[in-house]
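*Asks:* The structure is given below, and queries will be raised subsequently.
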Amino acid sequence: MYIERINSIIEDIYKCSSHEENWQPTLRSVAECVGATGAAIVPTDHSNKELRFSSSEDRVSDLLYYEHWWRYNPYKTYCPDKLEGDVSDIEFISDDEMKRHPFYQDFLRKFDRGRMCRFGFAEPCGPGFSFSVQRALNAEPETPDERRVRGILARHIARSLSLSAEIGKTRLLAGGFADLCHRLQCGAALLRGDGGVVLVNQKLGNMLGDGVDYINGRIICGNRDNQSRLDALLKDTASGEVQLGHKGFIVLNCPSGQNLIVRVVRLPRDGMFHVHETRQSAMLLLAYKTGSNEPDVSAALRPLGLTAAEIRLAQKVGSGASPKDAAKSLGISDQYARSMLKVIFRKLNIASQSQLSTLVSGLSALGEV
């Protein structure tokens, strides 16, 4: 029966990762399981308000602790350098010292609590915290079995808090990225480092179905050559080696003839969020359908030194039109268009039409952000 109770508490601990309101009753169950009257998750940085959880229904003790008494916590006085692992105050403070210590006599005693036991965690990629339990005033010291169970539950609490942090980052990302996607003029998707799709905006959704689709959480191409080039682009971008290959973009041939220009950029590992528990980098995929309405990026190209005529040609060719077709639509000769393109390339410090396409699609993506 005792094992079943522990397993039930562990299950509740992990439920708290997505429902933080459950920490109070769960910590109360944890405290009862190890013979204590109270339990709390206490951030190493007392000002961190997002990592404060307690079993207490009367929050007065918590308010008093974070407003004043945290300064006199005996763990800070007697073992300030021991941030990790299991420590009990019976190891460093005697009964006589407790009777003279203001933290025990002027604070804990008001709430009928005596000795404390603590399990500390110092996360290299997250905030440090400790899991603390308080025993009843004048209660017997913690037994070896209670200490062992407390250590087991403490480690599960640490894992649940880490999971909660990842869930919170993902939720923040989902809301923020969804808003960003709606503002983009091009198709966009957020991908995990393994190429799995996290989010797709509506513009990209409207482009799919023309030889390229979204199936089982991944972007899939009907053409093997397209798929091979897309897989290579994603792999190189995730590994950070994209500069050695196709420079971050490819053109996918579609049956309609309106090809898809795809660019992928890797988001920084140390950004404000991660989308996978292994902390692999996320990637942002930007897509532009050739032959569709041209984006107006003249305001962005003008400061780069292009004339009005050069801007019109750059937008045509950058949107997927060939120099010949662009020249025809602009009413200029093919030869003049190619000469003008060389000037455009020199002014923009690029060397090819594909790089111009990447520049125009990138500027159009940022145009309405």
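*Asks:* Order these by the 10 Å Cβ neighbour count, fewest first: Lys203, Lys342.
*Replies:* In increasing order of surrounding Cβ atoms, one gets Lys342, Lys203.
*Asks:* Can you give the Rg to Rh ratio for region 69-167, taking only C-alpha atoms and Rh from Kirkwood?
*Replies:* On the way: Rg = 14.4 Å, Rh = 14.5 Å.
Dividing the radius of gyration by the Kirkwood radius yields 0.99.
*Asks:* Calculate the spin-label point distance for Ser339 paired with Glu140, positioning each point 7 Å from the Cα along the beta-carbon direction, and give it in nanometres.
*Replies:* 10.0 nm
*Asks:* Excluding Ser322 itself, calculate the net charge of residues whose Cβ lies under 12 Å from the Cβ of Ser322, where each Lys or Arg counts +1 and each Asp or Glu counts -1.
*Replies:* On the way: positive: Lys316, Lys324, Lys328, Arg338; negative: Asp325, Asp334.
With Lys, Arg at +1 and Asp, Glu at -1, the net is +2.
*Asks:* What number results when the radius of gyration of region 2-168, computed over Cα atoms, is divided by 2.2 N^0.38 Å?
*Replies:* On the way: Rg = 15.0 Å, N = 167, 2.2 N^0.38 = 15.4 Å.
The reported ratio for this selection is 0.97.
*Asks:* Taking H as built 1.01 Å from N, whose amide H comes closer than 5 Å to the amide H of Ala139, not counting residues under 5 places away?
*Replies:* Residues meeting the amide H criterion: Arg115.
*Asks:* Something else now. For region 297-311, what does the Karplus curve 6.51 cos²θ - 1.76 cosθ + 1.60, with θ = phi - 60°, yield as ³J(HN,Hα) per residue in whole Hz, taken in order and with x for Gly and Pro?
*Replies:* In residue order, the calculated couplings are 10, 4, 5, 7, 7, 4, x, 7, x, 7, 7, 4, 5, 5, 4 Hz.
*Asks:* Oh, and also: Output wanted: per-residue J couplings in Hz (rounded whole) for region 76-81, from phi through Karplus 6.51 cos²θ - 1.76 cosθ + 1.60, θ = phi - 60°, x for Gly and Pro.
*Replies:* Listing the rounded values in order: 6, 7, 8, 9, x, 8 Hz.
*Asks:* Taking 23 Å as the cut-off for C-alpha to C-alpha distance, list the pairs among Lys235/Lys342; Lys49/Lys76; Lys76/Lys99 that go past it. Before the final figure, lay out the partial values.
*Replies:* Working: Lys235/Lys342 32 Å; Lys49/Lys76 19 Å; Lys76/Lys99 18 Å.
In this structure, Lys235/Lys342 exceed 23 Å between Cα atoms.
*Asks:* Next question. Could you list Arg71, Arg266 so that the one with the fewest beta carbons within 10 Å of its beta carbon is first and the one with the most is last?
*Replies:* Fewest to most other Cβ atoms nearby, the residues stand as Arg71, Arg266.
*Asks:* Give me Ile10, Ile152 sorted ascending by neighbouring Cβ count inside 10 Å, so fewest comes first. Write down the numbers at each step before the final one.
*Replies:* Details: Ile10 19, Ile152 14.
Going from least to most buried by this count: Ile152, Ile10.
*Asks:* If you find the alpha carbon centre of region 1-67 and of region 96-121, how far apart are they in angstrom?
*Replies:* Measuring centre to centre over Cα atoms gives 18 Å.
*Asks:* Let me ask another. For Ser56, enumerate residues with amide H under 5 Å from its amide H, sequence gap 5+ or separate chain, H modeled in the peptide plane.
*Replies:* Under 5 Å from the amide H of Ser56 lie the amide H atoms of Ala39, each far enough along the sequence or on another chain.
*Asks:* Now for a separate question. What net charge is computed for the residues neighbouring Leu304, neighbours being all others with C-beta under 12 Å from the C-beta of Leu304, Lys and Arg scored +1, Asp and Glu -1?
*Replies:* +2
*Asks:* To continue, here is another question. Which of the lysines could a cross-linker bridge to Lys203, judged by Cα under 17 Å and excluding same-chain residues fewer than eight apart?
*Replies:* Lys289
FYI, it's all coordinate maths here, none of it is from the lab. The structure displayed is predicted, hence computed values, not measured ones. Every residue, glycine among them, receives a Cβ derived from its backbone with ideal geometry; neighbour counts consider all protein chains shown.
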